[in-house]
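Notes follow the structure.
The values are calculated or read from the model by the stated rules, or taken from the named source; none is laboratory data. This structure is a prediction, so every number in the text was calculated from the model and none was measured. Backbone-built Cβ (ideal geometry, glycine too); neighbour counts: all protein chains shown.
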Amino acid sequence: EHLANQIAAGEVVERPASVLKELIENAVDAGSSRIDVVAEEGGLSLLRITDDGAGIQSDDMLIAFQRHATSKIAAAKDLFQISTLGFRGEALPSIAAVAKIRCVSATDNGGLARIVEIEGGAIRKDGETNAPKGTEMTVRDLFFNTPARLKYMKTVQTELGHLSDVVYRQALAHPDIAFTFQHNGSTLLRTPGNGDLRQVVAAIYGSSAAKSMVEIQGSDPDYSIAGLTALPVETRANRNAVTVLVNGRYVRSQAVMQPLLQAYHTLLPVHRFPLSVVHLRMHPSLLDVNVHPAKLEVRFSKEAELRTFVEETVKRALSAQAY
Ligand code: ADP
Ligand code: MG
């Protein structure tokens, strides 16, 4: 069991950003309206995720740290309605196997909260405390018991970059959730959580970038798309400038990226990417999820139709602007 957890951890927990991704997804799944992230030293010495979601029932707390314990199994048929299929019930035990984790969770305000501390898979503390409704996960000293893995970590700056990417994408995917992100004592992100995507973009990329973006909006019988895309003045040299979301989840997809770029055809300088957030929604049956969830890749069953739809919708958004 302990070994199985360490092996699973090798797949789920590649670096601090993978821990953060799993823990934010859990907080999103719990219906949170506020998610606060605190990190130190690129997340290697500390990651703390605090949410105001449903909380974990006291009786379920230890179970949540066991392998294949998931409260989401009913929905597990559909990858894009839950966040963690493939690691179903593996995230918490995997993280607990390679770090020192403390979980404080309460399902009510004013009631008692359960507190559990697990270190390298072993329970160190189990008791009660006071805490508001929601969950606080504190992960310290990641890879403290797997020195080989620790050796592969890059600089604090590199790990911080990956952490930021995770928070930014979750914030862009969920403008209705108020996110904060703090690293080594300084606040790097604060989003209002009022559902306004443009304000999230402003918080991440700056207000002038946000102002320069035009709305993408469209639907056909199979797909709907919403988002923001920059006029050709706001471009970046990196394809990370384009955030593609499918049913609330960040993905990497040439089937969306290419028609988006195509819509800009002559407008875009070579090797430049327009700052964009493209959120596609579709029935999950139109997604081929026969790919590894951690790789963030996805196939669409009607890809040709999707490509045309994306290109036409983005073209319409751009041509509606006089610039
Ligand atoms: P999964 O997300 O695949 O179910 P995890 O190991 O990530 O597996 O989490 C195990 C279980 O712990 C979840 O199914 C959920 O019931 C509970 N849980 C974890 N984090 C939270 C949270 N922030 N709020 C509420 N419940 C949580
Ligand atoms: Mg999970």
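Identify, please: which residue in the stretch 180-191 is part of a strand (DSSP E or B) and β-branched (Val, Ile, Thr) and is, among those, farthest from Ile35 (Cα to Cα)? The extreme case among them is Thr187. Consider Ile56 carefully, then state whether it is modelled with pLDDT of 95 or more, within 13 Å of ligand 2 (Cβ to nearest atom) and crowded, with 21+ Cβ neighbours inside 10 Å. Taking the combined requirement at face value, the residue satisfies it. I'd like to check something: does the stretch 87-97 contain any residue that is within 16 Å of Ala27 (Cβ to Cβ), more than 16 Å from ligand 2 (Cβ to nearest atom) and not aromatic (Phe, Trp, Tyr)? Among the residues of the stretch 87-97, not one is within 16 Å of Ala27 (Cβ to Cβ), more than 16 Å from ligand 2 (Cβ to nearest atom) and not aromatic (Phe, Trp, Tyr), which makes the answer no. Restricting Leu142, Leu112, Leu92 to those that are of a type in the set (A, V, I, L, M) and within 25 Å of Glu297 (Cα to Cα) reduces the list to Leu92.
Please verify whether Gly127 is surrounded by fewer than 19 Cβ atoms within 10 Å (Cβ to Cβ) and more than 28 Å from Val13 (Cα to Cα), treating the condition exactly as stated. Considered against the rule, which asks whether it is surrounded by fewer than 19 Cβ atoms within 10 Å (Cβ to Cβ) and more than 28 Å from Val13 (Cα to Cα), Gly127 comes out as no. Restricting the first member to the stretch 301-323 and to residues that are over 12 Å from Met213 (Cα atoms), and the second to residues that are exposed (fewer than 13 other Cβ atoms within 10 Å of the Cβ) and not polar (S, T, N, Q), the beta-carbon pairs closer than 7 Å and six or more apart or on different chains are Ser301/Asp288. Filtering the stretch 21-30 to residues that are assigned to a helix (DSSP H, G or I) and closer than 20 Å to Asp176 by Cβ leaves Lys21, Leu23, Ile24, Glu25, Asn26, Ala27, Val28, Asp29. Within the stretch 22-41, identify whether any single residue is surrounded by fewer than 18 Cβ atoms within 10 Å (Cβ to Cβ) and among the small types (Gly, Ala, Ser), and answer yes or no. Yes, the stretch 22-41 contains at least one residue that is surrounded by fewer than 18 Cβ atoms within 10 Å (Cβ to Cβ) and among the small types (Gly, Ala, Ser). Scanning the stretch 208-230 for residues that are of a type in the set (Gly, Ala, Ser) and either within 28 Å of Gly43 (Cβ to Cβ) or modelled with pLDDT under 95 (or both) turns up Ser208, Ala209, Ala210, Ser212, Ala230.
Which ones in the stretch 135-179 are over 11 Å from the mean Cα position of the chain (by Cα), in a loop (DSSP other than H, G, I, E, B) and under 24 Å from Gln199 (Cβ atoms)? Hits for the stretch 135-179 are Pro175, Asp176, Ile177.
Of the set (1) in a loop (DSSP other than H, G, I, E, B); (2) on the phi < 0 side of the Ramachandran plot, all apply to Leu261 but (1).
The residues in the stretch 201-222 that are more than 19 Å from Phe273 (Cα to Cα) and in a helix (DSSP H, G or I) can be counted, and the count is 1. Filtered by the rule that a residue be assigned to a loop (DSSP other than H, G, I, E, B) and within 19 Å of the chain's Cα centre (by Cα), the stretch 223-242 gives no residues.
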